[in-house]
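Notes to accompany the following structure.
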Amino acid sequence: MPMTMRGRLTYVRRRALARWLYRRPLSQLNPERLYLWAQAIIETAGVPGAVVEIGCASGGTSAHCYRLLQNIGAPKRYVAVDTFSGFVPEQFDHDVQLGTPEAVRYGFSVSSPALVRQILRQLGASGVELVRGDIVAMPADRLPRQISTALVDVDLSHPVHAALTKTWPLVAPGGVVLVDDCDRRTGFRARAGFQRFCAEQGMPERYEYGMGVLHRPPL
Ligand SMILES: C[S@@+](CC[C@H](N)C(=O)[O-])C[C@H]1O[C@@H](n2cnc3c(N)ncnc32)[C@H](O)[C@@H]1O
């Protein structure tokens, strides 16, 4: 989606001040969910495949967890997917009908791969691989061939469902997928996408701290 003049000004300011604004990783996950995601990464360190974050925003969680992998001696690929321009209008319109408030329509729209790369570099996580695209439209072959651990954090029902449909077949035995914003209190409808996927696959819905959780059993 093209940026408005105001968005452009915010972007220019954000890039100029990035060195100070993003001195520490700014994860958008609630603390208990960041803990769950870090725990999943640690517990799947021995499972083959890449770590994938779908919906990475400014890269705060990506930087934190990329460094975690380095620190525990499991230097896996960390692949972060995002539009880098916020929500896709039709996907957002759909969820407005389900109750998502209009007020959050332009969240995350002021970004770019260049800005996120700069942030990752200054946080010591330049090895994070960025993939730009809408997960609904993106061919699955732009994702790693095998995935050990995936975080789906795109807030809206359609992209959550698409992300699960594309990642789950690539998840190795022993792998884990977490879906953010599946609690009932949030205005986002990620839970609807998670529920639809579980129903289609005949899998039970499991939740921890408001995240949807899928485990692929080890062989
Ligand atoms: C809540 S933020 C992600 C926060 C990030 N995981 C973190 O922990 O810091 C949601 C992100 O999903 C992205 N997004 C929304 N719809 C998308 C889609 N269809 N495809 C790819 N990314 C999308 C937005 O651009 C936004 O950056």
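List of remarks:
- The range 120-136: number of residues that are touching a residue at least 40 places away in the same chain (Cβ under 8 Å) and in a loop (DSSP other than H, G, I, E, B): 9
- Residue within the range 146-155 that is of a type in the set (Ser, Thr, Tyr) and more than 15 Å from the chain's Cα centre (by Cα) present: no
- Summed over the range 8-34, residues that are in a helix (DSSP H, G or I) and without any contact (Cβ under 8 Å) to a residue 40 or more places away in the chain total 10.
- Only one entry in Leu9, Leu36 is among the hydrophobic types (A, V, I, L, M, F, W, C) and open to solvent by less than 30 Å² (accessible area, probe 1.4 Å), namely Leu36.
- Given (1) part of a helix (DSSP H, G or I); (2) within 16 Å of the ligand (Cβ to nearest atom), index of the condition Pro169 fails: (2)
- Residue in the range 103-119 that is open to solvent by 50 Å² or more (accessible area, probe 1.4 Å), within 16 Å of the ligand (Cβ to nearest atom), of a type in the set (Gly, Ala, Ser) and assigned to a helix (DSSP H, G or I) present: yes
- Residue that is surrounded by the fewest Cβ atoms within 10 Å (Cβ to Cβ), among those in the range 39-49 that are touching a strand residue (DSSP E or B) at 6+ places or on another chain (Cβ under 8 Å) and assigned to a helix (DSSP H, G or I): Glu43
- Selected residue (criterion: nearest to Ala38 (Cα to Cα)) from residues of the range 140-166 that are within 7 Å of the ligand (Cβ to nearest atom) and not hydrophobic (A, V, I, L, M, F, W, C): Asp153
- Just one of the listed residues (Ala137, Ala192) is within 13 Å of the ligand (Cβ to nearest atom) and not basic (Lys, Arg), namely Ala137.
- Scan of the range 58-100 for residues that are open to solvent by less than 70 Å² (accessible area, probe 1.4 Å), away from the ligand (no atom under 15 Å from the Cβ) and either farther than 26 Å from Leu170 by Cβ or of a type in the set (Val, Ile, Thr) (or both), ordered by number: Gly99
- Flag for Tyr11 being among the hydroxyl-bearing types (Ser, Thr, Tyr), in contact with a helix residue (DSSP H, G or I) (Cβ under 9 Å, 6 or more places away or on another chain), closer than 14 Å to Val116 by Cβ and more than 12 Å from the ligand (Cβ to nearest atom): yes
The values are calculated or read from the model by the stated rules, or taken from the named source; none is laboratory data. These numbers come from a predicted model, not from an experiment. We place every Cβ from the backbone using ideal geometry, glycine too, and count neighbours over all the protein chains shown. When the accessible area is computed, the model is the full protein with side chains, heavy atoms only, and any ligands, DNA or RNA have been set aside. Shrake-Rupley method; radii C 1.70, N 1.55, O 1.52, S 1.80 Å.
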